[in-house]
Structure formats: structure tokens, C-alpha cells
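See structure below.
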Amino acid sequence: MESVHWIGIFKEVAMDCKKFVEEQITSIKQTVGNAKAINALSGGVDSSLVTVLGHRALGNRLKTVFIDNALMREGEPHRVVKTFAKMNIPVELVDAQEEFLSALAGLTDPEEKRQAITDTFYSKVFSGLVKKSGAKFLLHGTILTDIEETIAGIKRQHNILVQLGIDTEESYGYAIIEPLKTLRKDGVREVAKYLDLPAEISQRIPFPGPALATRIVGEVTRERLATIRKATAIVEEELADIKAFQYFAVLLNDRATGIRNNKREFGQIIVVRCVESADARIAAVTELPWGKLHRICDRIITEVPDVNRCLYDLTPKPPATIEYI
Ligand code: XMP
């Protein structure tokens, strides 16, 4: 009886995914008609699923771009383009590093940094790409949780426009299609798996839209990005076998005294964060093995230039948030 019960559940999930995929492909086709569409891929599961659904519906009438905003992790832009090339989906890599870095220069307030990233993305970089492509539709990876949190005033997600009453056709010249707006993250992962997206996408740990800028307290500069990028790579490498909700490094806007090669130095400080959570609304700190923490610390203070302290954050959410900005 038990196994029959489980087969029934699997069938139901698979049937739902099939129905969802068919409905969304039909709906995208009907809405776009013979026009062109565009979408921005970040490599996260939401934008990846939208990219696959959009290409199944529109083929080469959907242009997919990956905007390199200078805030991505080590090797990420090329890795994402390559992953999609393997699925026969062409992705254009757009270098917009200078635009984002100059918009962030001098900013230290978290919300001002977020706003600068949103403005640069929509007003400067993406609007130009849409115009050039002749697209009349933008495919967005908005999910139900993004809409709910924005409407409730918890967090203004950068991809929420329509629900805030913004007429995108009037403001930006294109209409928005949101194929995932009825799904939550687990539903998105389920459909991504159903469509055979690689596990590196369907099971990817959350990585915020403003990317490494959320992991730099204070000003975002090329030098500080290089520091957090290196520390992030170490933490991700060392914790790859840990089944935590999220793990990452943070660069503080402070310095501490240290000694290296018998010389006093005033070095930078990296915080390591690793948390358990179901939906990011509350989070508990992962009890990492002491040996693992030591290894991470040793690597960070030897491999990341100018860093002489490494701390493990023991604070749950609340009162802390998961990210630092
Ligand atoms: P917090 O820091 O608010 O994060 O506890 C909760 C979850 O949301 C992610 N996060 C963001 N995602 N844009 C995003 O797309 C953002 O501005 C942003 N801020 C936080 C964070 O990584 C965590 O999973």
C-alpha cells in the first residue's frame, strides 16, 4: 500500500509539472505572437527556468542576455553561458562592469546601493539592450514570494514592477510576462528538475540579485570585490559538502591589528556565515565542525591578500538578517 501511495504522489507532481510547462509555453506563445522577447539570465533557478520555458515557446525570437555587473562570483558569467550553450540556448554576455561600478562609487548605505544597482540595470543597461533587440516583451523570473514580500513591505525585490503599479509599457516600452508568478521556490525547483535542468541550477543555493554587493559592508570597489570574490570561492569550496540553506563570506568595513612576518599590520576582516532555513524568513546558524572552521580561517588569512582576521557569525535571524546589507 505504502509504495502505491508514493507512486500516486510522484505521478501527481509529474503531471502538475507537465501541465504547468504546457500552459506556460502556450501562454507565452499567445502573448508574444510574432513579436520578439528578451530576458536577463542570472544563473539562478528562477531566471534559468524562465529562459528554458521562453526558448521552448519562442525559439530564437527570445534573446537571452547575461549582464556582467562586476558583482558576480569567480568565473560565474562564463560558467552560466557555457551551461546554457550545452542546452543549445545561446546567451549573450554583456559587459556592463563600468556602468555598475561607477553607479556604486562612494555609496555606503545598503538601500542606496540596492537602488543604484536597480537603476543601473533598468534605466542604463537593460533599456538600451531592449531597444537594440526590438523586443516588445520582457520575460521575468518573478515568483510568488517576491510579490508577497514586496506588497507586505518586507523587502522591495528588484524585479517587482507591475505589482507596484508601474506601467512598464509606458515607462520602458515593453510589457512584462511572469511565467513563474504562481510558484514558490520549491515549485520552481520541481519544474526545473522536471525539465532536466542540471542540478547545479535546480539545486543552487540562493544568491541575491545585488550579488556580491550584499556581502560588502561599505563601499563597493574593484579591489574590495576582488577580496570578497576570493573569500567567497574559499567558503563555497570548503562547504560544498554541507547541506546548509546558504553559506558565504562577508567583507566588513573595518580593520583590525595583526602581526605578519614580525610586522604589525592593520588588516581587513572577513565574516563567514552559514545558516539553516526553510524559506529565509527565519534562520539558525549551522553547527559546523571545528576542523572545517579552522581550515576556512587558515585559507582565508593566507590566500586572501590584506585579510588578517576571519570570524564565524553565530547570530540567528532574527534579530540579524541572513545578508549583511
Ligand atoms: P535577508 O538578508 O533579508 O535575506 O535575511 C533573505 C534571503 O533573501 C536573499 N536576499 C536578496 N535576494 N535581492 C535578492 O534577490 C536582494 O536584495 C536580497 N537581499 C537578501 C538572501 O540571500 C536570503 O536568501
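Counting alpha carbon pairs within less than 8 Å and at least 6 residues apart, what relative contact order, in whole percent, applies to the chain? Spell out each step's value before the answer.
Details: 490 pairs, mean separation 49.3, N = 325.
15 percent.
Which Cys in the chain stand alone, with every other cysteine's Cβ at 4.7 Å or more from theirs?
Lacking a cysteine Cβ partner under 4.7 Å: C17, C274.
So how do R61, R73, R114, R273 rank on accessible area, 1.4 Å probe, biggest first, that is with the largest at the start? Working shown, then result.
On the way: R61 75, R73 25, R114 50, R273 0 Å².
I get R61, R114, R73, R273, largest accessible area first.
For the pair I301/T182, report the inter-label distance in nm, with labels modelled 7 Å from Cα in the Cβ direction.
My value for the distance between the label points is 5.5 nm.
When ligands, DNA and RNA are left out and all protein chains stay put, how many square angstrom of accessible area per residue does the chain have with a 1.4 Å probe? Display every interim value, and only then the final one.
Working: 16670 Å² over 325 residues.
Dividing the accessible area of the chain by its residue count gives 51 Å².
Round to the nearest 10 and report in Å² the accessible area of S123, as given by a 1.4 Å probe over the protein chains' heavy atoms.
Accessible area of S123: about 80 Å².
For the chain, modelled as a Gaussian network with Cα springs under 10 Å, which listed residue fluctuates most, N253, N39, N69?
N253
Write down the radius of gyration of the stretch 66-134 and its Dmax, each obtained from C-alpha positions, in Å.
Cα-based Rg and Dmax for the stretch 66-134 come out at 13.6, 41 Å.
Using a Förster distance of 51 angstrom, determine the FRET efficiency expected from the C-beta separation of I259 and K131, and round it to 0.05.
Numbers: r = 56 Å, r/R0 = 1.10.
It comes out at approximately 0.35.
Ratio of Rg to Rh for the chain, alpha carbon only, Kirkwood? Mind showing how you got there, number by number?
Numbers: Rg = 21.1 Å, Rh = 21.3 Å.
When Rh is taken as the Kirkwood radius, the ratio is 0.99.
Name the residue, out of A35, A211, A278, whose mean-square fluctuation peaks in a Gaussian network model built on the chain with Cα pairs under 10 Å.
A278
Going down the list K86/K193; K29/K124; K113/K185, which pairs span over 22 Å between their C-alpha atoms?
Long pairs (Cα-Cα over 22 Å): K29/K124; K113/K185.
So what's the back-of-envelope 222 nm ellipticity for the chain, counting only DSSP H runs of four-plus at -39500 (n - 2.57) apiece and dividing by all residues, rounded to 500?
Working: 12 runs with 139 residues, N = 325.
Only helices count here, giving -13000 deg cm²/dmol.
At a 1.4 Å probe radius, carbon and sulfur cover how many percent of the accessible area of the stretch 107-148? Intermediate results must be reported in sequence, preceding the final value.
Values: 1070 of 1880 Å².
That fraction is 57 percent.
Hey, rough spin-label estimate for T221 and R204, points 7 angstrom out along Cα→Cβ, what's it come to in nanometres?
Computed distance between label sites T221 and R204 equals 3.0 nm.
Report the semi-axes of the equivalent ellipsoid for the stretch 275-325 in whole Å, largest first, where each axis is √(5λ) for an eigenvalue λ of the Cα gyration tensor. Walk me through the intermediate numbers first.
Numbers: eigenvalues 122, 36, 13 Å².
Working through the eigenvalues yields semi-axes of 25, 13, 8 Å.
Of all the accessible heavy-atom surface of the stretch 167-252, with the other protein chains kept in place and a 1.4 Å probe, what percent is carbon and sulfur? Before the final figure, lay out each step's value.
Values: 1710 of 3610 Å².
Of all accessible area on the stretch 167-252, carbon and sulfur atoms account for 47 percent.
Can you compute the label reach from D241? Point 7 Å from Cα along the Cβ direction, backbone N cut-off under 14 Å, restricted to the stretch 271-305.
Zone members listed by number: 289-293, 295-296.
Please report the equivalent ellipsoid semi-axes of the stretch 210-317, computed as sqrt(5 x eigenvalue) of the Cα gyration tensor, largest first, in whole Å.
So the equivalent ellipsoid measures 24, 16, 12 Å along its semi-axes.
The values are calculated or read from the model by the stated rules, or taken from the named source; none is laboratory data. None of these values were measured; they are calculated from a predicted model. FYI the Cβ positions are ideal-geometry reconstructions off the backbone, even for glycines, and counts take in every protein chain you see. Side chains included, ligands, DNA and RNA excluded: accessible areas come from the protein's heavy atoms. Shrake-Rupley method; radii C 1.70, N 1.55, O 1.52, S 1.80 Å.
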